[in-house]
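Scroll down for the structure; my scribbles are underneath it.
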Protein chains: 2
Amino acid sequence: MEETPARLTAKPSWLLTQLAVHAHRLSSDGFGEMGARGYHFRILAALDEFGAASQAELGRRCNMDRSDVVAAINELAEQGFVERTPDPDDRRRNMVTLTEAGDRQLRRIDQALDQVQDDLLGPLPAEDRQTLTRLLARLLTHHQRGEHRQPTTRAGRASSLPRSTRSTGGTASGRRMQQ
Amino acid sequence: MEETPARLTAKPSWLLTQLAVHAHRLSSDGFGEMGARGYHFRILAALDEFGAASQAELGRRCNMDRSDVVAAINELAEQGFVERTPDPDDRRRNMVTLTEAGDRQLRRIDQALDQVQDDLLGPLPAEDRQTLTRLLARLLTHHQRGEHRQPTTRAGRASSLPRSTRSTGGTASGRRMQQ
DNA sequence: CCTACATCGTTGGCGCGTCCAATGAATATC
DNA sequence: GATATTCATTGGACGCGCCAACGATGTAGG
């Protein structure tokens with residue numbers, strides 16, 4: 001069948017992102033069967049492991065944007081998996097709580113995901129699986145550090161230019177800028 | 001800072017997809033500077049390596065949907081990086097050709113991506129980089145094989161459900177068929 | 001020849017994940 | 001108290017991966 005350009009297959013970033021596509025599909029198939037998606041699982045997991053939390057905290061723990069937490073919590077609440085109640089101690093916050101049904105849902109998803117790991121790592125022997133996991137974890141840790149561009153408390157200008165400045169002007173519509 | 005749930009960090013699928021996010025961001029930052037995106041690079045790479053091709057063929061090589069190829073070619077043509085001409089031998093097809101400007105653009109992107117690989121693999125020593133690449137390549141190959149569920153010519157297999165009901169279908173999950 | 005069928009390009013649409021900007025309420029800091 | 005910060009929410013954007021359907025064209029079979 002048609003070959004893929006070596007310029008792609010030779011690059012770790014290609015291997016990684018393409019394999020991630022497969023991982024994502026396997027996962028989606030997994031919890032898609034119970035009407036969930038990635039964001040739901042993340043939040044349920046965080047609530048289970050750390051207890052009730054504000055939405056902002058959930059976002060920090062799960063690497064999600066606040067606004068996406070809002071939507072996910074809406075959906076989870078509709079399904080009865082979490083409850084959203086105002087925090088009396090800080091009226092800006094919502095306390096998000098895991099319900100029993102939510103706990104059950106979490107376990108179901110988690111189980112489905114265990115199977116997914118196996119499908120994903122498919123042909124690798126145990127040792128290689130461990131090696132791969134270790135290397136990935138190491139890189140991920142590396143890339144997450146230094147990601148908390150803290151506003152520095154106290155006037156720490158970070159020259160946050162919207163930075164649309166694109167060179168080859170052309171027609172394009174480049175965007176990007178993640179802080 | 002806030003911890004991430006172990007239910008997530010313990011899963012290879014999580015490590016993979018999250019790291020892919022970083023890889024994707026690094027890449028985007030890379031060619032975003034020249035008004036390109038992933039799809040563009042894939043197509044330029046395929047044209048450079050295998051010569052002029054039809055859009056369908058490009059889609060097969062680059063793991064892209066035909067419809068997405070259309071859009072990408074539109075954009076590349078606007079920028080003068082490829083030319084789209086009808087194929088006289090088969091009037092269904094378009095021959096897509098790489099221009100000189102396109103070739104230069106490809107080289108620019110490719111160079112930027114080399115830097116990206118280095119940033120991505122950051123703290124890993126050469127040996128680990130190699131190991132990781134090898135494992136990823138192996139898994140990717142594994143997951144790409146068996147993806148060409150061919151309609152078998154004659155009489156349609158595949159009950160082709162609207163794609164949600166994919167219930168306990170067991171492993172297979174009737175996957176795609178790109179190619 | 002004529003009828004199926006497959007392929008190609010195109011349009012239009014969906015879902016998911018990631019992100020940003022801006023608003024209004026509440027709180028923290030000075 | 002004035003200012004800055006945090007929080008939830010809305011509304012939007014973009015990339016990537018898909019799918020369905022169309023009309024035009026090409027290929028096989030009977």
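The values are calculated or read from the model by the stated rules, or taken from the named source; none is laboratory data. These numbers were taken from a predicted model, which means no experiment stands behind them. Neighbour counts are summed over all protein chains in view; Cβ atoms, including those assigned to glycine, are modelled from backbone coordinates with ideal geometry. Remember, those area values only see protein heavy atoms, side chains included, never the ligands or the DNA or RNA. Shrake-Rupley method; radii C 1.70, N 1.55, O 1.52, S 1.80 Å.
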In the stretch A:41-67, which residues become less accessible by 50 Å² or more once every protein chain is in place, relative to the chain on its own, using a 1.4 Å probe? A:Arg42, A:Glu49, A:Arg61
Using only protein heavy atoms and a 1.4 angstrom probe, determine the accessible area buried between B and A, summed over both sides, in Å² to the nearest 100. 6900
Label point 7 Å beyond Cα along the C-beta direction, distances from A:Glu2 to other copies (nm, shortest first): 4.3
From the label point of B:Gly80, set 7 Å from Cα along Cα→Cβ, how far away are the matching label points in the other copies, in nm, ordered shortest to longest? 6.4
Simple label model, 7 Å out from Cα along Cβ direction - B:Thr141 to B:Glu127, nm: 2.3
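Given the convex hull of the Cα atoms of the stretch B:37-121, what is a quarter of its surface area in nm²?
Here the figure is 5.6 nm², rounded to one decimal.
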Shortest-first nm distances, B:Ala101 label point to equivalent points in other copies (7 Å, Cα→Cβ): 5.8
Between A:Ser54 and residues 5 or more places away or on another chain, which pairs have amide H atoms under 5 Å apart, with H built 1.01 Å from N, and which residues are they? A:Val96
